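As structure tokens, the structure follows; a few thoughts come after it.
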Amino acid sequence: MGSGQNGRSSGLDSTWYNSIVSPPHKLMFAARTNWLLHPNRFTESLEEHRRNSKDLIDLTISNPTDCGLVYLQQEIISALTDPRILQYRPQSKGLPEAREAVANYYKDRRGFSGAAGRVDPERILLTSGTSEGYSHIFRLLCDPGDEILVPAPGYPLFEFLTDLADIRLVSYPLLYDHGWQIDFAELRAALTPRSRAILVVHPNNPAGSFVKSGEAMQLEAICVEREMAIVSDEVFLDYAGGREPAHTFALQDAALTFTLSGLSKVCLLPQMKLAWMVVSGPSALTWTAVERLDIIADTYLSPSLPVQFAVSKFLDLRHNLQAQLHHRIAQNMNYLDAALCESKSVTRLHREGGWYVVLRVPVTGTDEALAISLLERGCVLVHPGHFFNFSREGFLVLSLIAQEAQFREGVSRLLSFFDL
């Protein structure tokens, strides 16, 4: 999720501001929006750096349209010129042809062909983004005060989404031991009578770990037993480090499951603002969920017609752009690994997919203080680990989609900073 950077329109807004609840004007505004919106120390340092027009190597970049990829401009523009856009055709779940294109996206993935791999377009709903999809799902599943379990480390946007839905976010830990795994003992301990769903990010952002098949089976068993749902965020699913794509929860049939993805990462077109959810699971639960989501979606009718008519073409174009980004990620990873072999103090954690990498660095203070020092002394911008709810200090997060020359210079400066 999230393709912007560093501003209030950013997908990582919550990382740039303190999230402590603030009481002013409590009679005027809803308590759910009582966030302390003063810039934190890191944001203040970055703003001062930019005011002084200093050199900056940005290793947090997450906007694919801003990192030097070659887009097929005419094909993209022509896909948005369908004359049918001149007639308003509201469809609560999205245009049938657009949902069919999404179903074909799953059918075309290696390993998911044939009847067993067919996603029924009637179980697909289109939204203007995954954040809207989350909002619909939370409204479907939760009453005020109910709880959603989310992984830690994980993406900070969930804190805001759950606040806005008047529900509680409860973290369950991912453990690291030669790779990431779900801590099922802690997950079970976190469950209460108000737990309504377990959210997984597949692969995790920023850890880059996929939910393994054995873990998926345990999650399904827990949710079936306790009448809970699985929500699987699969926006980075196409960016697996291995040759074969990871499995998708969209074909799961044991527990009620909502699988989210969209054009932002699949087609590297975040500005087009179209995402989808696939509902799967036991037939009766699935169709009840679809019927209720249909009413929720009908209230908003938000995806624009031009993008819905263009989605089939955009999905066809994804192969070219994804190939460029896969090459970029591989080149940057190769350079990073070679550089880390020479480092005395910095290592990286194992990753399986996505487009981020987590570095383990010496603990000489807080990660925020380290990131500020790196910015001020090395002119390199990285994410402190605490932005993603790491349980302890000593972690920095880098984007792997930065242009190769910029990435190499940034890594060189970073390692020089720690190995002096």
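Extension gain, THR43-GLN87: 0.36 nm per intervening residue step, less the Cα-Cα distance, totals 11.3 nm.
Summing Cβ point charges (Lys, Arg +1; Asp, Glu -1) relative to the Cα centre of region 228-321 gives a dipole of roughly 280 debye. Remark: accessible surface ordering of GLU225, GLU48, GLU342 (largest first) is GLU342, GLU225, GLU48, probe radius 1.4 Å. Rounded to the nearest 20, the size of the Cβ-charge dipole of region 122-266 about its Cα centre is 100 debye, with Lys and Arg at +1 and Asp and Glu at -1.
Ligands, DNA and RNA left out, the accessible area of the chain computed with a 1.4 Å probe is 52% carbon and sulfur. In the chain, the DSSP beta bridges split such that about 55 percent are antiparallel, to the nearest 5. Kindly identify region 169-297 as rounded, prolate or oblate by the Cα gyration tensor criterion: order the square roots of the eigenvalues as a ≥ b ≥ c, call it rounded if a/c is under 1.5, otherwise compare a/b with b/c, prolate if a/b is larger, else oblate. Oblate, since a/c reaches 1.5 and b/c is not below a/b. Compared with the direct C-alpha span, the chain from ALA369 to LEU80 gains 99.5 nm at full extension, assuming 0.36 nm per residue.
A Cβ-based charge dipole, computed about the Cα centre of the chain with Lys and Arg at +1 and Asp and Glu at -1, lands at about 340 debye. Taking all protein chains as they are arranged and a probe of 1.4 Å, the heavy atoms of MET272 leave approximately 30 Å² accessible to solvent. Overall, the ratio between the Cα radius of gyration of the chain and 2.2 N^0.38 Å, rounded to two decimals, is 0.98.
Taking packing as the residue-averaged number of other Cβ atoms within 10 angstrom, the listed peptides 248-255, 87-94 run from highest to lowest as 248-255, 87-94. Looking at the square roots a ≥ b ≥ c of the eigenvalues of the Cα gyration tensor of region 315-420, which shape do they give, rounded for a/c under 1.5, prolate if a/b is larger than b/c, or oblate? Judged from the Cα gyration tensor, region 315-420 comes out prolate (a/c at least 1.5, a/b above b/c).
Ligands, DNA and RNA are left out, and with a 1.4 angstrom probe the accessible area of region 317-420 is 40 Å² per residue.
At full extension, LEU175 and ASP294 could sit 39.1 nm farther apart than now, given 0.36 nm per residue minus the alpha carbon distance. The residues of region 223-305 expose on average 38 square angstrom of accessible surface per residue, using a 1.4 Å probe on protein heavy atoms.
The values are calculated or read from the model by the stated rules, or taken from the named source; none is laboratory data. All values reported here derive from a predicted model rather than from experimental measurement. FYI the Cβ positions are ideal-geometry reconstructions off the backbone, even for glycines, and counts take in every protein chain you see. Ligands, DNA and RNA are excluded from the accessible area calculation, which covers all protein heavy atoms including side chains. Shrake-Rupley method; radii C 1.70, N 1.55, O 1.52, S 1.80 Å.
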